[in-house]
Amino acid sequence: MAGKEPAELRRTLTQEVPVNPTRLYRVLNTTPGEFLLDQASQVIHTPSNRANRQSLRGALVSSALPNGKITLIETLQNYPTPEVHVEGDRLVEVVQRISQVTERLPNIRR
């Protein structure tokens with residue numbers, strides 16, 4: 001449905017990104033972090049399109065807490081609303097962009 005190969009979508013959903021949960025929280029509460037959340041919230045968002053930034057921040061940090069890694073599938077599972085909307089056609093692009101940003105921020109990694 002997303003117009004992507006199933007294997008590519010599966011890799012995107014399960015790709016692990018190592019992060020330090022405390023640093024992730026701090027970075028996501030800065031202006032650049034909020035910009036990143038706003039960009040990602042265009043693809044992953046609440047049904048009402050409200051509190052997207054806060055919801056995504058909470059889901060990402062919750063995903064990182066148990067093992068210092070985040071995956072998209074865990075982030076979706078930890079989303080704080082009973083329903084989450086995902087714009088599948090743009091999902092791979094946004095995950096790649098987020099991964100590139102985290103690689104440039106060495107203080108967010110372990």
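FYI, it's all coordinate maths here, none of it is from the lab. Predicted model only: the values in this text are computed from it and were never measured. All Cβ positions, even for glycine, are placed from backbone atoms using ideal geometry, and neighbour counts span all protein chains on display.
Couplings 3J(HN,Hα) for the range 20-26, derived from phi with the Karplus relation 6.51 cos²θ - 1.76 cosθ + 1.60 (θ = phi - 60°), are 8, x, 5, 5, 4, 4, 4 Hz, where x marks Gly and Pro.
Extension gain, Glu87 to Arg11, is 25.7 nm, computed as 0.36 nm per intervening residue step minus the present C-alpha separation.
Annotation: amide H-H contacts under 5 Å for Lys69 (H modelled 1.01 Å from N, sequence separation of 5 or more, or interchain): Val19. Among His85, His45, sorting on how many other beta-carbon atoms sit within 10 Å of each Cβ, with the fewest leading, yields His85, His45.
Along the chain, the exposed loop sites are GluC sites (Glu not before Pro) outside DSSP states H, G, I, E and B with at most 16 other Cβ atoms within 10 Å, and the longest stretch free of them is 17-82. Ordering Asn52, Pro21, Ser63 by Cα displacement along the dipole of the chain toward the positive end leaves Pro21 in first place; charges were set at the Cβ atoms of Lys, Arg (+1) and Asp, Glu (-1).
Taken about its Cα centre, the chain carries a charge dipole of about 420 debye when Lys and Arg each add +1 at the Cβ and Asp and Glu each add -1 at the Cβ. Using 0.36 nm per residue and subtracting the Cα-Cα separation, the extra length available between Arg97 and Arg23 on full extension is 24.8 nm. Per-residue extension of 0.36 nm, minus the Cα-Cα distance of Leu65 and Phe35, leaves a gain of 8.6 nm for this segment.
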